[in-house]
Amino acid sequence: MNRFVGSRSLVVRDAMKDLSFPVLLMYSTDVPAEVVSMGPYSLEVAPDAPLPGGPSPLVVISHGGGGTPLAYRTLASHLARSGYIVAMPEHPGDNRHDRSLSEALENLENRPRHIRLTLDALCSDAEIGPHLQRDNVALLGHSMGGYTALAVAGGQPWTGPGQKVAVTSDPRVKALVLMAPATGWFVPDHALQDVRAPILLLVAEHDRITPRWQGQLVLDLVPDRAQVTCKIVENAGHFSFLSPFPPHMCTPGFLPATDPPGFDREAFQRQLQQDVLGFLDASLRRSA
């Protein structure tokens with residue numbers, strides 16, 4: 001795997017809410033990469049490099065609540081170098097710059113729509129669309145991104161008895177990777193009955209934000225438990241799935257950079273890359 005990573009910055013329009021949101025695209029390229037600063041992070045990418053030749057499977061990453069897509073940059077880069085086209089939207093109203101909707105019902109409705117709009121925009125783009133396997137999509141979601149992925153893949157969230165969240169599923173989704181997913185809105189027994197895609201479910205042993213019972217809901221409520229590969233990540237915390245942060249950000253008060261004592265985030269990230277790539281290769285390339 002000696003390819004470089006190309007990148008493009010896109011803007012997707014949400015006409016329903018009269019707003020736009022950014023999407024970072026990463027993909028394999030033969031163009032040598034350079035170090036590019038994006039916010040507080042440094043990425044080795046080739047900006048605006050040509051897209052790869054043959055149609056490739058698409059992976060969309062949904063970040064956690066109040067987070068950033070760049071928090072998954074190492075995993076995204078690994079998948080891009082391995083031949084996937086990776087799209088990382090920033091959810092409006094629920095990101096590190098703007099948390100105005102993070103606790104609102106509107107956010108539960110918006111997030112799945114953001115993913116579908118991203119898929120529509122990429123697949124219909126005259127330049128990008130021909131490079132995609134348009135009906136062969138995987139969703140990766142961490143925390144609230146896990147909620148988002150399940151809702152797009154057929155899950156029906158609820159805010160209370162008789163109170164459905166208005167979401168629409170997308171048949172293009174063929175695989176899910178759920179990392180410490182937030183699933184408390186899928187409590188009714190039938191909430192995940194239409195989730196049919198294979199799932200890689202990763203649960204942190206010491207997660208106080210989305211405890212293990214939330215992952216257990218996925219195992220209990222999907223119609224075919226054999227479709228779920230579940231792994232408990234020993235000694236991990238909720239934020240251990242995020243890429244390692246630059247040293248200047250690793251302060252005791254910054255929880256996303258904090259792990260349980262003795263946990264090696266950099267070593268785990270290397271294992272995470274292998275696990276996710278193996279799962280996607282088995283789930284997407286087999287169905288292509």
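Any read-out appearing in this document is the output of simple, stated calculations on the displayed coordinates, not a laboratory observation. The model shown is predicted, which means the values in this text are computed figures rather than measured ones. Note that we place each Cβ from the backbone using ideal geometry, even for glycine, and neighbour counts take in every protein chain shown.
Summary of computed values
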quantity	calculated
Net charge dipole size for the chain [Lys, Arg +1 and Asp, Glu -1 on Cβ; Debye, nearest 20]	320 debye
Set of aspartates and glutamates with alpha-carbon distance to residue 174 below 19 Å, sequence-local pairs under 8 removed	120, 135, 194, 224, 275, 281
Rounded D (µm²/s) - the stretch 177-222, Kirkwood Rh over Cα pairs, Stokes-Einstein at 37 °C, 0.692 mPa s	304 µm²/s
Residues with amide H under 5 Å from that of residue 142, placed H, sequence gap 5 or more	62, 64, 179
Relative contact order, percent, the chain [alpha-carbon distance under 8 Å, six or more residues apart]	15 percent
Ordering of 49-59, 66-76 by packing [mean C-beta count within 10 Å, highest first]	66-76, 49-59
Derived scalar couplings ³J(HN,Hα) [the stretch 225-235; Karplus, 6.51 cos²θ - 1.76 cosθ + 1.60; whole Hz; x for Gly, Pro]	4, 5, 7, 9, 9, 10, 10, 8, 8, 4, 6
Residue-wise HN-Hα coupling along the stretch 172-178, computed from phi with Karplus coefficients 6.51, -1.76, 1.60 (Hz; x: Gly, Pro)	6, 7, 10, 6, 10, 10, 10
Interchain or long-range residues, amide H under 5 Å from residue 67's placed H	96
Ranked packing of 9-21, 92-104, most packed first, by mean Cβ within 10 Å	92-104, 9-21
Unit charges at the beta carbon, dipole of the chain: most positive-side option, 153, 272, 108	153
Bridge type composition, the stretch 4-285 - antiparallel percent by DSSP, nearest 5	45 percent
Under the span-like rule (Cα at least 18 Å along the axis, Kyte-Doolittle mean at least -1.0), DSSP H helices of the chain	105-124, 265-280
MRE, 222 nm, helices only [DSSP H, n ≥ 4, -39500 (n - 2.57), over the chain, to nearest 500]	-7000 deg cm²/dmol
Cα-derived Rg over Rh, computed across the chain with Rh taken as Kirkwood radius	0.93
